[in-house]
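Written out below as C-alpha cells is the structure these notes cover.
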Amino acid sequence: MRRANPPDQGKWGFPGGKIEYGEAVPHATLRELREETGIEAEILGPVDVIDFLEREGARTGRHFILIAMHCRWVSGDPVAADDALEARWWPVDAIGGLDTSHDVERIARLAIGRDG
C-alpha cells in the first residue's frame, strides 16, 4: 500500500499500525491489513523485527518497532482504505524500483523465501 500519512507519507510499504492495548500481534496484523486494504489473510508466522528510529534534526524522535508477519492471502482485492493512498499487488522484482519505506524489498524477499 502507499501511505497517506506520516511517517513515510507517499511511500509504498506494508499495511500496519498501532497495536491496541491488550491486542495480540497476530490479531493486530490481520486487523490492520483488513482496515487498510480490505484483504483477509491468515498468519503464517513472523518474518523479522525491525527497529526504526525517527529522527528530528540531530536528535532521535520516536522509536518504532516493526514486526513483519508472513501472511497467506485468503480473500479480497486490494483497495485503498483507512490511511492508504493506493493498494495493489507488486511482483517482488518490481519493488526495488518503487519509493518504499524502510526494508520493504528485503522483508518481501524474506517472506517469499519462506513460501518455497
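Computed from the coordinates by the stated procedures, all read-outs in this text should not be read as laboratory data. Bear in mind the structure is a predicted one, so any value in this text is a computation, not a measurement. In this analysis, Cβ positions are derived from the backbone assuming ideal geometry, glycine residues included, and neighbour counts consider all displayed protein chains.
Listing for the model above:
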| quantity | calculated |
| --- | --- |
| Residue among 100, 30, 16 farthest towards the positive dipole end of the stretch 2-115, charges placed on Cβ | 100 |
| Fluctuation leader among 85, 98, 30 - the chain, Gaussian network, Cα springs under 10 angstrom | 98 |
| FRET efficiency, residue 23 to residue 92 (Cβ-Cβ, R0 25 Å, nearest 0.05) | 0.30 |
| Residues 83, 93, sorted so that the one with the fewest Cβ neighbours within 10 Å comes first | 93, 83 |
| Difference of contour (0.36 nm per residue) and Cα-Cα distance, residue 31 to residue 52 | 5.4 nm |
| Only Lys, Arg (+1) and Asp, Glu (-1) charged, at Cβ; the stretch 2-115 dipole about Cα centre in debye | 220 |
| Under-5 Å amide H pairs with residue 85, H placed in peptide plane, nonlocal only | 2, 3, 4 |
| Exposure proxy ranking, count of Cβ atoms within 10 Å, fewest first, for 60, 29 | 60, 29 |
| Gaussian network model of the chain, Cα within-10 Å springs - most flexible of 39, 65, 50 | 65 |
| Distance (nanometres) between label positions extended 7 Å along Cα→Cβ at residue 60 and residue 75 | 4.4 |
| Relative contact order of the chain, defined on C-alpha pairs under 8 angstrom at six or more residues apart (%) | 29 |
| GNM top mover of 32, 40, 56 - the chain, alpha-carbon springs below 10 Å | 56 |
| Residues 18, 11, sorted so that the one with the fewest Cβ neighbours within 10 Å comes first | 18, 11 |
| Label selected from (i) 19, 19, 13; (ii) 21, 17, 16; (iii) 26, 15, 12, the criterion being semi-axes √(5λ) of the Cα gyration tensor in Å as computed here | (ii) |
| Whole-Å distance, taken between Cα centres, linking the stretch 80-115 and the stretch 1-55 | 12 |
